[in-house]
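A quick write-up on the structure given underneath.
The values are calculated or read from the model by the stated rules, or taken from the named source; none is laboratory data. No experiment lies behind these values; they were computed from the predicted model shown. Heads up, the Cβs are rebuilt from the backbone with ideal geometry, glycines too, and the neighbour counts pull from every protein chain shown. These accessible areas exclude ligands, DNA and RNA; they are computed on the full protein's heavy atoms, side chains included. Shrake-Rupley method; radii C 1.70, N 1.55, O 1.52, S 1.80 Å.
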Amino acid sequence: MKRKSRKRSTNSNSHKSIIPLEAKTENQKKYIKSFAGSSIIFCSGPSGSGKSFIASGMASHALHNGEIEKIIISRPLVCAGRDIGSLPGELSDKIAPYLLPMQENIKYFLTQVFYGHYFNNDQIQFKPLEVMRGATFHNTYMILDEAQNCTLDQIKMFITRMGENSKVLINGDTKQTDIKSKSGLQTIIEKLQHIDGVANCELTYDDIQRNGILGEVLKALEE
């Protein structure tokens, strides 16, 4: 039986502007344009090149304009020498440091007032990748950050959470990983690259806007 499309709610705040998203480089422009015809968007590149920032901006504007109902943000919980279960506090306390960068990105675009409104209405949710199995998200932008620290099975699980009128945005640096097993990011990009509706965008050191010297530093460390 075909599932009926869910009617999207009208956003009374949509006429009030938020911070615009502006591409700084040609590669970033291509990344933004890829959203128009794609349901799954991969973006790989070095730290500071804009992959997470642009994903946050696109998701924030889609939510504020009433195009979607929710933003889901996730990332793998890769710890430096300690298991997540050994850290103090409830689950929300344990994952907060991992998701803070994406939270700040979303908050930048929406501003504190709108961010608080959407967050308090559960329209912005931060979920650890490890607890998403079995869920389905309709009318949602699903962002998986730091995907280079995911296995192939984890990324597959995340993608298959996608419901109707949703997009999956997967970001990571294919040249580095903090996990002992093989990273699944490059593998899944290669396996899905010929499918219509799947976009693969690559940012480089030249796209780094955080601080101009970072590109030179990262290039030197790779030599």
Quick check: with the 1.4 Å probe, what order do VAL113, VAL168, VAL131, VAL198 take by accessible area, largest first? VAL113, VAL131, VAL198, VAL168
Once amide H atoms are placed 1.01 Å from N in the peptide plane, what residues at a sequence separation of 5 or more from THR174, or on another chain, have their amide H within under 5 Å of its amide H? GLY45
Counting only protein heavy atoms with a 1.4 Å probe and every protein chain in place, the carbon and sulfur fraction of the accessible surface of the stretch 153-200 in whole percent equals 46
Over the stretch 146-213, what is the mean sequence separation of C-alpha contacts under 8 Å (at least six apart), divided by residue count, expressed as relative contact order in percent? 38
Compute the distance in nm between two label points, each set 7 Å from the Cα along the Cα-to-Cβ direction, one at LYS191 and one at LYS175. 2.5
Environment charge of ALA199, counting only residues whose C-beta is closer than 12 Å and scoring Lys/Arg +1, Asp/Glu -1: +1
Taking the Cα-to-Cβ direction at LYS30 and at ASP153 and moving 7 Å from each Cα, how far apart do the two end points lie in nm? 3.4
Within the set LYS16/LYS156; LYS29/LYS70; LYS107/LYS182; LYS107/LYS180, which residue pairs have Cα atoms separated by over 31 Å? LYS16/LYS156; LYS107/LYS182; LYS107/LYS180
How many percent of all Cα-Cα pairs in the stretch 104-148 sit more than 12 Å apart? 70
Let me check I have the definition right: for the stretch 125-207, take the eigenvalues of the Cα gyration tensor, multiply each by 5, take square roots. What are those semi-axes in whole Å, largest first? 21, 16, 12
Local charge sum around THR187 (other residues, Cβ-Cβ under 11 Å, Lys/Arg +1, Asp/Glu -1)? +1
Report the extension gain between ASN121 and ILE19 in nm, rounded to one decimal, defined as 0.36 nm multiplied by the number of residues separating them, less their alpha carbon distance. 34.7 nm
